[in-house]
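Encoded as structure tokens, the structure appears first; notes follow it.
The values are calculated or read from the model by the stated rules, or taken from the named source; none is laboratory data. The shown structure was predicted, so the numbers you read here are calculated from the model rather than taken from an experiment. Cβ placement follows ideal geometry from the backbone for every residue including glycine, while neighbour counts extend to all protein chains displayed. The accessibility values were calculated without ligands, DNA or RNA, using every heavy atom of the protein model including side chains. Shrake-Rupley method; radii C 1.70, N 1.55, O 1.52, S 1.80 Å.
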Amino acid sequence: MSIITISHASYSGGNEIAEKVASSLNYRSADREVLIEASRRYGIPEAKYEEILETQGHWWERWMESLRLYRITIQAAMCEVAQGGSVVYYGRAGQELFPGIKHVLRVLIVAPIESRMQEVKARKGMEGENARHFLKELDRVRGRRMRALFNVDWLDPVGYDLVLNSSSISTDGAARVIAELSRREEFQPTAESERAFQDLTTTSRVQAALIISPKTRNIILNVRSDSGKVTVSGILADPDLEKEIVRITKGVAGVTEVITDIEPPPIEYMHP
């Protein structure tokens, strides 16, 4: 069955639409479950993911940490949550977590700021310029986070299959449109797309295993899975680390064979 990701502007009704889509299709809905899964599997506090993805504050304080860790482990956790399909994910960055998977329907929910200000007033008691400033700050922070994590403009409609303005359509109407589109042949799993999803899952698992290991977390490696045959390539100054990379990779579920393509750094970097 299909996978649906629903990204949405804050206070645009995206959560409610996503829950109705899941209910109408009898799909699982997922939001925080992905962060919980990532925390459980990789030993990173759930609060840390929330800080990176959600919390407003001084963004420059975060640059001292590697965002690769969070991006890789969130993607790996998302692949685990989406096993078997039939899931509606409405958390952050869903449209970026399944690259190249054709049975994923990517939806963006937007609304004019005036409409969102009414929702802020109803839920938080803020109105006027205070509500407008609050929303603009939320949008600014989220935009910067998504650019830092995925190098994308999350509001670019080209990244989605469907964009809906929630001020122009009811919650029920939006849910019906999304559900009907998800049933179309274009978004149904095929043998090819299922294989691509399993390859993405195995690749993400290996990347996560390597980045949480103290010995390999600071090494930039390229990982590619082809039906369980995993190729790991990169540049290593310490050749003994190749054995550790192979050991870690072989221990990952779904890996049937490991091929390495490791090269030493150029000689000019070895002898300055």
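Worth a mention:
- At a probe radius of 1.4 angstrom, the accessible area of the stretch 1-124 per residue rounds to 43 square angstrom.
- With Cα atoms, 0 to 90° folded angle of helix 171-182 axis to the chain main axis: 40
- Neighbourhood charge, 12 Å Cβ-Cβ cut-off, centred on Thr73 and excluding it, Lys, Arg +1 and Asp, Glu -1: +4
- Cβ charges +1 (Lys, Arg) and -1 (Asp, Glu), total dipole of the chain, debye: 400
- Residues whose amide H falls under 5 Å from that of Ile235, counting only those 5 or more places apart or on a different chain, are Glu263, with hydrogens built in the peptide plane.
- Put Arg123, Arg144 in order of accessible area, highest first, and with a 1.4 Å probe you get Arg123, Arg144.
- DSSP beta bridges fully contained in the chain are about 20 percent antiparallel.
- Sequence-distant aspartates and glutamates (8 or more away, or on other chains) whose Cα lies within less than 17 Å of Lys243: Glu257, Asp261, Glu263
- The chain, relative contact order [Cα under 8 Å, separation at least 6], %: 23
- With contributions of -39500 (n - 2.57) from each DSSP H run of at least four residues, the per-residue ellipticity at 222 nm computed over the chain stands at -15000 deg cm²/dmol.
- Stretching Ser86 away from Ile235 to a fully extended chain increases their span by 49.7 nm, per 0.36 nm per residue minus the current alpha-carbon distance.
- Unit charges at the beta carbon, dipole of the chain: most positive-side option, Leu181, Thr249, Pro112: Pro112
- Taking the protein heavy atoms of the chain in the context of the full set of protein chains, the accessible area attributed to carbon and sulfur is 50 percent at 1.4 Å.
- Shape descriptor for the stretch 113-173: Rg over Rh equals 1.04 (Cα atoms; Rh from the Kirkwood inverse mean 1/r).
- The stretch 197-264: Cα Rg divided by the 2.2 N^0.38 Å rule of thumb: 0.99
- The local environment of His103, defined by Cβ-Cβ distances under 12 Å, has a net charge of 0 under the rule Lys, Arg +1 and Asp, Glu -1.
- The loop-placed trypsin sites (Lys or Arg not before Pro) in the stretch 160-229, going by DSSP, that have at most 15 neighbouring Cβ atoms within 10 Å of their Cβ come out as Arg183, Arg184, Lys215, Arg217.
- Taking all protein chains together and rolling a 1.4 Å probe, Tyr70 ends up with roughly 10 Å² accessible.
- Amide H contacts of Val163 (H built 1.01 Å from N, in plane; Pro and chain starts excluded): Leu108 sit under 5 Å, all sequence-distant by 5 or more or on other chains.
- Inter-probe distance in nm under a simple model that places probes 7 Å from Cα toward Cβ, at Glu242 and Glu129: 6.5
- Exceeding the 27 Å Cα-Cα cut-off - candidates Lys48/Lys215; Lys48/Lys136; Lys102/Lys124: Lys102/Lys124
- Summarised as an ellipsoid, the stretch 89-232 has semi-axes of 35, 23, 10 Å, derived from the eigenvalues of the Cα gyration tensor scaled by 5 and square-rooted, with the largest first.
- Shape category assigned to the stretch 1-157 from the gyration tensor of Cα positions, a/c cut at 1.5: oblate
- Taking only the C-alpha atoms of the chain, the Rg (one decimal) and the largest Cα-Cα distance, Dmax (whole number), read 20.6, 66 Å.
- Integer Hz, Karplus 6.51/-1.76/1.60 couplings in order for the stretch 4-17, x for Gly and Pro: 10, 10, 10, 9, 8, 5, 4, 6, 10, x, x, 4, 5, 4
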